[in-house]
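J.: Pasting a structure here, questions to come.
Just so it is clear, none of the values below were taken in a lab; they were calculated from the coordinates. Keep in mind it's a predicted model, so treat the numbers as computed, not measured. Positions of Cβ are backbone-derived with ideal geometry, glycine not excepted, and every protein chain shown enters the neighbour counts.
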C-alpha cells in the first residue's frame, strides 16, 4: 500500500492545495518499507489527486483540505485522513498502528469562493496561512 502525506520540513503541511511536496511511504505488513519525497511541480488541487494516482497512492494524510479536492480524491479512489498535524513519519506510523487521530469532517473553505470559513483547517488552526477569521 502507498500512503502520501502533505509534507514540509518533516511536518504535515496544513493546506493540501498549496503543498509543494508529498512524502510517499510504501507500507508492507503494517511497516514502512520505503519512503521518498516527491515535488508537486506547482500542481494545484484537482491535479494533485491525479499526481497521487500516478504513484498508486491509496491513502492521503493531510491537514486542511477543501471540498473540491476531497471529491477529486474520492473519484481517484484515495482514502482521506484530514485534520492531522505534527510529524509526517509519526502520523504514518500511527495510521499503520490503527491509532491515527484525524477529523473525518475536515474542511478548509477560505478560497474566496463566496462561502464562509467553517471552523479551522485542521482542528488546530490553519498552519502556514491566514484564515481571515
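J.: Label 7 Å along Cα→Cβ of residue 35; the range 1-15 residues with amide nitrogen under 18 Å?
T.: 1-14
J.: Right, another one. Averaging sequence separations of C-alpha pairs under 8 Å and six or more residues apart, then dividing by the length of the range 2-96, give the relative contact order as a whole percent.
T.: On the way: 188 pairs, mean separation 31.6, N = 95.
Answer for the range 2-96 is 33 percent.
J.: Taking the Cα atoms of the range 2-96 alone, what are Rg (to one decimal) and Dmax (as a whole number) in Å?
T.: Rg then Dmax for the range 2-96, in Å: 11.7, 33.
J.: Can you compute the modelled spin-label distance between residue 100 and residue 75, with each label point 7 Å from Cα toward Cβ, in nm?
T.: It works out to 2.3 nm between the two label points.
J.: Relative contact order for the range 1-51 using alpha-carbon pairs under 8 Å, separation at least 6, rounded to a whole percent? Walk me through the intermediate numbers first.
T.: Details: 78 pairs, mean separation 15.9, N = 51.
It comes to 31 percent, rounded to a whole number.
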